[in-house]
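This report refers to the structure that appears directly beneath it.
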Amino acid sequence: MADITIAGAGHGGVIAAMLLAKAGHNVTVYEKNGKGEVGLEQKDSLDETALEYAGVEVPEKFRAPGNVITFIPLEDDVAPVTLPSSPGYKNMTVDRREFISYLISLAEAEGAKFVYNSLIEGPVLLGSRVAGIIVNGEKIYSDLVIDSAGIHSPVRMGLPIYMHVDRQPAYYDCLHTYRAYFDRVPGVPDPETTYNIYVKEDGTNGFRWAITEKDKVDVLLARFPQIDYSDVAQGLYAVSEYNPHMDRNLLRGGHFADIPIRQPLAVMVADGYAAVGDSAFMTDPLKGSGMAYSIKAGKMLADCIAEDDDCKFNTDYLWEYQKRFYKEIGFNACRLAVFKSVLPYMTAEEVNEMFKRGITSSDELLRLASGEIPKSKLLGLAREKLRLMDDVPQFKAHLSSIIKRLGRFTSIEPTMPSKYSEDSIEKWALKYNKFYDSIRKQEDLDE
């Protein structure tokens, strides 16, 4: 059996800790927050099938009716678009802090150890191998490091360039957010739709949402530029204009957080190292949540480790984990990231036109988000939409850009190496990263 260190108590890392400890490995999780303080104070939806995939029992208290998302354009004469629930989607609405505490308790029951208030400062390197992590100034050695320390992981950021693991997200790869829960004004009825996403006046450089619950209103403000309290004040005022039932009394939350909304890492493994969850940018680019992806990836990683009888944890064995993730999840996330890449450059007027002309229907949004549109039909669907925009040349140019990008990505997907070799992984990483760099504006690359 092996000594396995997990940096950060993210969802994928905790699932891996549970399964690896159950298999008899000596597993220690180092977490920067205190016991009972892991996770954000907010609620989010999660597909129960992710937990079924990982073999985790779901307490009844976490099950809840699904939130149905409605996109609200700026102009009142443009009809909103509602995204229906996906077939087979088993909705859970979980308090993130309560939910991760539940997963931690399962991991502890299997023998995993959790060390809180641990400041993770970077990786320990021995030659070309990750041999541990630096915690509170002390070097902690282990046979394998699982990086579950989030979007700004100090472990990933400290890896050498030759490992080909992206160390920093680019400007439009990260949403800066503010999330808070407010009291309700007594006697004011609910809006017609209860989970509303509003496109901002400056286009898709950001958005806002308001989710109406029985006893509170959940507000999220999100934008690509950094967000500060002046942005918060302006955003809360705008949301309250649409939602007269929202009081100004803050009940909980009021925190800032960064969310990755980009393609997964081109390379997420190295000798003695594997990234999972937000550390590997495993976020659904349309839904903005990575819990389901991360939980499944934690199971995939544990299964891959179980197949390494010698417990060497070299890249050739860990590459099987990456291949499995891309086959089941990653490539669909990549295609969604291609669509996402054009959104930051669209104006609010263009978004209005998209809704007004039926460029984006609720059924197509659902099928796109769930991966039900075969990749062979994506280009044809995009070309159909293109014909609807002949009289709006600027927006047609944006849509044409998506079509070209999708076409180029279809030539990249098959080049992921089926077997590990240093040369083939380097070529794959360079081609993959070059593609996504090429679809950004140069000023964004300079950020």
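The values are calculated or read from the model by the stated rules, or taken from the named source; none is laboratory data. The structure displayed is predicted, hence computed values, not measured ones. As a convention, Cβ positions derive from the backbone with ideal geometry for all residues, glycine included, and neighbour counts pool all protein chains shown. With ligands, DNA and RNA removed, areas are computed over all heavy atoms of the protein, side chains included. Shrake-Rupley method; radii C 1.70, N 1.55, O 1.52, S 1.80 Å.
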Next item on the list: Find how much the distance from residue 230 to residue 316 grows on full extension, using 0.36 nm per residue of separation minus their present alpha carbon separation; answer in nm with one decimal.
Entry: 26.0 nm
Next item on the list: Within the set of other residues whose C-beta is less than 12 Å from the C-beta of residue 107, count the net charge using Lys and Arg as +1 and Asp and Glu as -1.
Entry: -1
Checklist line | Residue-wise HN-Hα coupling along region 416-432, computed from phi with Karplus coefficients 6.51, -1.76, 1.60 (Hz; x: Gly, Pro) | finding: 4, x, 7, 10, 6, 7, 4, 5, 5, 5, 4, 5, 4, 4, 5, 5, 5
Notebook entry, point to check: What percentage of the solvent-accessible surface of region 185-337, computed with a 1.4 Å probe over protein heavy atoms, is contributed by carbon and sulfur atoms?
Noted result: 49 percent
Next item on the list: Can you pull the one-decimal nm distance between simple spin-label points at residue 68 and residue 424, each 7 Å off the Cα toward Cβ?
Entry: 4.8 nm
Checklist line | Per-residue ³J(HN,Hα) for region 106-123, Karplus 6.51 cos²θ - 1.76 cosθ + 1.60, θ = phi - 60°, Hz, x for Gly and Pro | finding: 5, 5, 5, 5, 8, x, 5, 9, 10, 10, 8, 6, 10, 7, 7, 10, x, x
Next item on the list: Go through 192, 213, 241, 110 and list them by solvent-accessible area, largest first, probe radius 1.4 Å.
Entry: 192, 241, 110, 213
Note to self: For the pairs 35/113; 296/340; 22/113; 214/296; 32/113, flag any whose C-alpha to C-alpha distance is greater than 20 Å.
What the structure shows: 296/340; 214/296
Check: Rounded to the nearest 0.05, what FRET efficiency do residue 412 and residue 258 have when you use their Cβ-Cβ distance and R0 = 35 Å?
Finding: 0.85
